[in-house]
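After the structure tokens below, expect a handful of questions from me.
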Amino acid sequence: MTIWTLAIVAFLLICIIDAWNLPSLRKSTNDLESEAHSYLVELDQLSSQKCYESYVAEWAYATDINDENEKVKLELSLDSAKFSKEISQNVTATFPLWREFKDPDLVRKLKKITILGAARLPDDQFKKYAQLETDMTKHYSTTTICSFKYKETCNLSLEPELTKIMRESRNEEELRHVWTEWHDKSGGPIKQTYKKFVEISNQAAKLNDFNDTGALWLNSYESETFKDDVEELWQTLKPLYQQIHAYVRAKLRNVYGDQFSDDGLIPAHLLGNMWAQSWENIDSLTSPYPNKASIDVTEQMIQQGYTPLKMFQVSDEFFTSLGLIAMPDEFWKESLIEKPDNRQVVCHASAWDFCNGKDFRIKQCTRVTATDLVIVHHEMGHIQYDLLYKDQPYFYREGANPGFHEAVGDTLALSVITPKHLKEIGLLDESIPIDDYETSINFLFSMALNKIAFLPFSYLIDKYRWDIYDGTVDESQYNTHWWRLRKEYQGIKPPNARSEANFDAGAKYHVPANVEYLRYFVSTIIQFQFHRSLCIEAGQYDPLDPKKPLHNCDIYRSKAAGSKLAAGLSMGSSKPWPEVMRVITGQEKMDAYAIREYFKPLEKWLTAANEEMGEIPGWK
Ligand SMILES: *[C@@H]1O[C@H](CO)[C@@H](O)[C@H](O)[C@H]1NC(C)=O
Ligand SMILES: *[C@@H]1O[C@H](CO)[C@@H](O)[C@H](O)[C@H]1NC(C)=O
Ligand SMILES: *[C@@H]1O[C@H](CO)[C@@H](O)[C@H](O)[C@H]1NC(C)=O
């Protein structure tokens, strides 16, 4: 026998012994990997179908809250959770060593399959989880309060009535009434439910090998340092926030003097918004140059007979002008864009991808206002993203991280609401000068009321929940801790004494609905990075040309900008987000540079104005 024959015999022997002892290792890794590939292809179909079925039921419920729809929705979400659990178990059973596969793409997909969130819970626990979440959201969506002016009228909903009062009323007593009633009635009653929910949610996180729900949420950002990175970004932007806070405080003190004391805090009910999360509705009270023509286009929209449909069409036209995808027929047929008056619905705006590549819808109780026009673009951005990655494998049909999904529509809206663009689409009078300094400052100021005011709020909601989920704060401190953070980060205080009988965090949709919120902070940062990069691409911004400042840029009709954005977004979650970020911006990190660049003229102006008034930024 030659040495080769010997070797072959030895090899065969080893194979036989191997096969006899360890049948599961008989297959080479290559075979296993290709088997896993085939399984994933099969799952693609199945998962899309399951997802479709459960969204149909969820949509039916969200657009018509009743017991029957609730029952069906809960059944299908249980069904869908069982399915996720089954495929995850199958993967672990069939490919116990999948983490060692050579193909990184395969490992990435399998990892997504095996992180299940709440679906990992045993069936009875999952049912409880889903029921608690439904109960809280239903309570939130159906809460009504009594009117301040007409005491017997007790059917005021958050949308539209309370939102409108918070936006328009300048009567301190009325604002206080609405603020207090809403917080007492929506938040307070769900406190115990929320506590139970936190416990089950944490059990689920642990079953997924995370310490708690906060850690599970952070996992979607695929970075060990994410929490620190976010804190650092906030620290960079805090001085700008404090400038706008101080300026607004001084202006509001002129209007509601007796509501202020020397602690430097702003009462939360005076900022034009139920949660004091963004302040653009008090623009008219605080505008730097009030004698300049207003660039709030709400009046114009009403005068021109805008309807919710028209608002969606205007948005669609902006997307297609960039060479992006037009909304499909199903979208126009199936979306719900106005609040129906014959049934209760979950009014909180949302965008839906039914996972079948055809059916995409928005649900929004749209009002004809400039703010809602921006929200329309925001929601349309979600659908555009869904459309761009619809041909990715099922497990990659999601945002590069949750913040990316929130940033798409907002990025476009940064162009749409420039005075230049509003003129172009006929919403701003031709005669209004837009290039002069004072109009620019007014514009940047209103943008800051929206975007900069939002930063601490969008950060603290999850900071609060991280502390609850990891046990730093228990039920006896739920409301105290909420106000501790509201004070520390936002510099605001409640309009009257609060106690642990209240649960004021529960008065914000994303808490009862259990939607992670850090995504909105991330989105606010990266949308300016996207905007900057697309503006350069469109030739609308030049860092060296003072005639082309970032805040004036409008990327309308720039196919180059559109295709750059599409190149990144169509990747879905197939690559870690820094790679997607690089495609869109050339940079791999979140960075406050773009947002600071955008607001630079305003920051300078505010600093001088506060100094002149003797208004010292910050609070006790
Ligand atoms: C999971 O594995 C079981 C047992 O092999 C099989 O019957 C079932 O069809 C598999 N489920 C899926 C969704 O692949
Ligand atoms: C609320 O009730 C009043 C009468 O009490 C009625 O006129 C009004 O139409 C109701 N509004 C809504 C939104 O149901
Ligand atoms: C998770 O919990 C364990 C045990 O309490 C602790 O030792 C570990 O540091 C925690 N991990 C993280 C990332 O916080």
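May I ask for the equivalent-ellipsoid semi-axes of the stretch 56-202, computed as the square root of five times each C-alpha gyration tensor eigenvalue and listed largest first in whole Å?
43, 17, 14
A further question on this structure: Using a cut-off of 16 Å between alpha-carbon atoms, which aspartates and glutamates can reach residue 227, once sequence neighbours fewer than 8 places away in the same chain are excluded?
212, 462, 467, 470, 516, 591
Still on this structure: Taking the stretch 436-498, which GluC sites (Glu not before Pro) meet the DSSP loop condition and have no more than 11 other C-beta atoms within 10 Å?
Passing both the DSSP loop test and the Cβ count: no residue.
Can you show me the helix-derived [θ] at 222 nm for the chain, built from DSSP H runs with n ≥ 4 at -39,500 (n - 2.57) apiece and divided by the number of residues, rounded to the nearest 500.
Rounded to the nearest 500, the figure is -19000 deg cm²/dmol.
Further question on the same structure: Tell me which aspartates and glutamates have Cα within less than 19 Å of residue 127's Cα, excluding those fewer than 8 residues away on the same chain?
In chain and number order, the partners are 53, 58, 67, 68, 70, 75, 79, 86, 135, 199.
Starting from the Cα of residue 149, draw a straight line to each of the aspartates and glutamates and keep only those under 20 Å, dropping any in the same chain fewer than 8 residues away.
Of all the aspartates and glutamates, those that pass the test against residue 149 - Cα under 20 Å, at least 8 places apart if same chain - are 159, 161, 168, 172, 173, 174, 181, 184.
Pairs on different chains or at least eight residues apart, Cα atoms closer than 14 Å: how many lysine pairs in the stretch 33-120 fit? Please report the intermediate quantities before stating the final value.
Working: 50/73; 50/82; 50/85; 85/111; 85/112; 102/111.
Eligible lysine pairs with Cα atoms under 14 Å apart amount to 6.
What percentage of the solvent-accessible surface of the stretch 33-120, computed with a 1.4 Å probe over protein heavy atoms, is contributed by carbon and sulfur atoms?
Accessible surface attributable to carbon and sulfur in the stretch 33-120 totals 52 percent.
Still on this structure, please answer the following. So for the chain, averaging the separation of alpha carbon pairs under 8 Å that are six or more residues apart and normalising by length, what relative contact order in percent results?
Values: 849 pairs, mean separation 112.7, N = 620.
Once divided by the residue count of the chain, the mean separation gives 18 percent.
What whole-number volume per residue, in cubic angstrom, does the convex hull of the C-alpha atoms of the chain give?
180 Å³
Could you please tell me the mean projected area of the C-alpha convex hull for the stretch 33-120, averaged over all directions and given in square nanometres to one decimal?
On the way: hull surface 23.5 nm².
With every direction weighted equally, the projected area is 5.9 nm².
Got a number for carbon plus sulfur as a percent of the stretch 314-469's accessible area, 1.4 Å probe?
47 percent
What is the packing order of peptides 196-204, 273-281, taking the mean over residues of other C-beta atoms within 10 Å and listing the highest first?
Taking the mean over residues of other Cβ atoms within 10 Å, the ranking is 273-281, 196-204.
Looking at the chain, what % of its DSSP beta bridges pair antiparallel, to the nearest 5?
Once the DSSP bridges in the chain are tallied, antiparallel ones form about 65 percent.
Using the per-residue mean of other Cβ atoms lying within 10 Å as a proxy for protection, in what order, highest first, do the peptides 207-213, 550-556 fall?
Ranking, from highest mean packing down: 550-556, 207-213.
How many lysine pairs does the stretch 287-413 hold where the Cα atoms are under 19 Å apart and the two sit 8 or more places apart or on different chains?
Here the count comes out as 7.
In addition: Percentage of Cα-Cα pair distances in the stretch 257-385 greater than 19 Å, rounded to whole percent?
Summing the P(r) of the stretch 257-385 above 19 Å gives 60 percent of all pairs.
Using only C-alpha positions, report the orientation-averaged shadow area of the convex hull of the stretch 504-600, nm², one decimal.
Values: hull surface 32.0 nm².
Mean projected area of the Cα convex hull: 8.0 nm².
I need the GluC sites (Glu not before Pro) found in the stretch 525-620, filtered to DSSP loop residues with at most 15 other beta carbons within 10 Å of theirs.
Listed in order of number, the matching sites are 588.
Do any GluC sites (Glu not before Pro) in the stretch 124-190 lie in a DSSP loop with no more than 16 other beta carbon atoms within 10 Å, and if so, which?
Working: sites: 133, 152, 161, 168, 172, 173, 174, 181; in loops: 152.
Passing both the DSSP loop test and the Cβ count: 152.
The values are calculated or read from the model by the stated rules, or taken from the named source; none is laboratory data. All values derive from a computational prediction rather than experimental measurement. Quick reminder, even Gly has a Cβ in these numbers, built from the backbone with ideal geometry, and neighbours come from all protein chains shown. To get the accessible areas, we keep the full protein, side chains included, count just its heavy atoms, and leave off ligands, DNA and RNA. Shrake-Rupley method; radii C 1.70, N 1.55, O 1.52, S 1.80 Å.
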